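Worksheet: the structure to be examined is printed underneath.
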Amino acid sequence: MVLHTKANHRDLLIELIRTNFKLRYNNSILGFFWVLMKPFLYFLMLFVVFTAFRGGEASAEYGANLLLGIIIYTLVNEGVIFGMHALTDLAGVILKVNFPRQVAVTSAVFMAVVNFAFNTVILLILAILGSFAPTIEGFLYFVFILSMTIFALYSISLFSSILLVKIRDLHHIMELVMQLVFWGSAVFYSIDDMSGAFGQLIRLNPLALVIHASRKALLEGDIIHVKAMIIMSLMSLALYFLGNLFFKKNIKRIAEFI
């Protein structure tokens with residue numbers, strides 16, 4: 001019975017992911033092609049602009065670092081936004097079908113993960129052209145960082161998906177917050193180049209550390225910020241337990257707000 005229930009939940013998760021996919025790309029002319037094009041066009045724009053600021057000096061290393069930063073930021077941005085809309089986007093399904101509502105949150109965050117997986121294709125091509133080859137240790141550390149980040153996004157979404165139903169302006173607030181996060185997350189620069197009070201402030205941003213550690217691990221094979229990653233993992237775990245309690249407490253009354 002337990003295995004049967006888990007199988008049903010898995011099938012439901014797959015179906016909800018398909019539904020999310022159709023809702024987001026069905027009315028788009030280019031459809032899923034935008035998943036690849038958006039970060040790539042963003043990368044080209046920033047690469048051209050900041051290469052000009054660097055005196056026209058372009059390198060595969062800077063390109064790979066920039067693209068990885070954009071891809072990770074896109075994962076976090078989409079994870080936050082998609083997860084926040086998990087309940088409102090599937091309101092029609094939620095009001096008609098009885099299933100664990102956490103599955104809706106999981107499917108929304110997983111959409112961001114799927115997009116991330118496709119975006120890494122571009123990074124892989126650039127890595128091959130630039131002769132970047134991650135070490136086994138570096139790759140495994142990157143997988144750990146990535147897993148921790150995805151888990152944190154899910155934990156945050158347990159709160160935000162409920163709050164958005166009650167506070168609709170949260171969508172606009174979070175879009176503004178994520179724009180500010182972009183400029184403070186070392187996406188198009190390295191925190192190694194930042195010093196003084198501003199540098200210290202940037203280092204307080206968890207996403208900046210995630211991007212920096214990912215770059216070093218995947219592109220150079222260096223293992224850095226281990227203590228910070230462990231602390232963030234523990235914080236994500238605590239956030240998950242609190243988020244789960246918050247979600248279960250409020251989800252039963254959410255139908256009247258949707």
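A few comments on the model shown:
- Taking a straight Cα-Cα cut-off under 16 Å and skipping sequence neighbours fewer than 8 places away in the same chain, the aspartates and glutamates within cross-link reach of residue 216 are 61, 137, 192, 193.
- Mean residue ellipticity at 222 nm, helices only, the chain: -25500 deg cm²/dmol; runs of at least 4 DSSP H residues each add -39,500 (n - 2.57), and the sum is divided by the number of residues.
- Rg/Rg_globular for the stretch 126-242, with Rg_globular taken as 2.2 N^0.38 Å and Rg from C-alpha atoms: 1.20
- Rounded to the nearest 20 debye, dipole of the stretch 180-240 from Cβ charges on Lys, Arg, Asp, Glu: 160
- Placing +1 on each Lys and Arg Cβ and -1 on each Asp and Glu Cβ, with no other charges, gives the chain a dipole about its Cα centre of roughly 1060 debye.
- Stokes-Einstein D (µm²/s) once Rh is taken as the Kirkwood radius of the chain over alpha-carbon pairs, at 37 °C in 0.692 mPa s: 168
- When the alpha-carbon atoms of the stretch 55-200 are used, the pair Rg, Dmax equals 17.9, 59 angstrom.
- Relative contact order of the chain, defined on C-alpha pairs under 8 angstrom at six or more residues apart (%): 25
- Across the options 97, 42, 121, the greatest Cα extent toward the positive end of the charge dipole of the chain (unit charges at beta carbon of Lys, Arg, Asp, Glu) belongs to 97.
Each value in this text was obtained by applying a stated rule to the coordinates, not by laboratory testing. Worth saying up front: this structure is predicted, and the values here are computed from it rather than measured. Here Cβ is always computed from backbone atoms with ideal geometry, including for glycine, and neighbour counts include all displayed protein chains.
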